[in-house]
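What follows is a short report on a single structure.
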Amino acid sequence: AWRDPNLTLNTLATELFTNRTTLAKVLREIGYDNYTIYINRLRIEDFLSQINSGQSENFQEAFFFVGFRSRTTALRNFKLFTGKTPSEYFQKGDKVMADE
């Protein structure tokens with residue numbers, strides 16, 4: 001579902017047969033400040049999987065495939081979650097998220 005760039009908290013809550021308040025509360029309980037951080041984390045993990053598995057070699061195409069609408073947003077979130085730009089991350093051969 002996170003690959004849909006139009007996915008909203010309301011839509012996800014409906015798909016999970018709950019409401020937005022309950023879903024937001026659960027996300028906070030499991031350590032995410034908000035829905036957007038949770039979805040972007042899933043997208044970055046998916047992006048890393050796409051690149052690491054060789055399914056995609058083009059960063060920009062992979063970012064759009066996993067649900068980001070813009071390159072700028074994707075790069076900002078990548079750096080937020082890994083601490084590096086994609087070029088820095090893959091140049092050094094890193095394969096895990098920065099905070100894991």
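Values as computed for the structure displayed
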| read-out | value |
| --- | --- |
| Residue-normalised accessible area of the chain, expressed per residue, 1.4 Å probe, Å² | 63 |
| Ile30 - accessible surface, heavy atoms, 1.4 Å probe, Å² rounded to 10 | 110 |
| Under the Karplus curve 6.51 cos²θ - 1.76 cosθ + 1.60, θ = phi - 60°, whole-Hz ³J(HN,Hα) for region 74-81, x wherever Gly or Pro sits | 4, 5, 4, 5, 4, 5, 4, 8 |
| Thr21, Thr8, ranked by accessible area, largest first (probe 1.4 Å) | Thr21, Thr8 |
| Vicinal HN-Hα couplings computed from phi for region 42-59 (Karplus, 6.51 cos²θ - 1.76 cosθ + 1.60; Hz; Gly/Pro x) | 4, 5, 5, 4, 5, 4, 4, 4, 4, 6, 5, 7, x, 5, 8, 10, 9, 4 |
| Taking the chain and dividing mean pair separation by its residue count, relative contact order in percent (alpha carbons under 8 Å, at least six apart) | 23 |
| Kirkwood hydrodynamic radius of the chain, from inverse mean 1/r over distinct Cα pairs, in Å | 14.2 |
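The values are calculated or read from the model by the stated rules, or taken from the named source; none is laboratory data. Because the structure is a prediction, the values reported are computed rather than measured. In case anyone asks, the SASA skips ligands and DNA or RNA and just uses the protein heavy atoms, side chains included. Shrake-Rupley method; radii C 1.70, N 1.55, O 1.52, S 1.80 Å.
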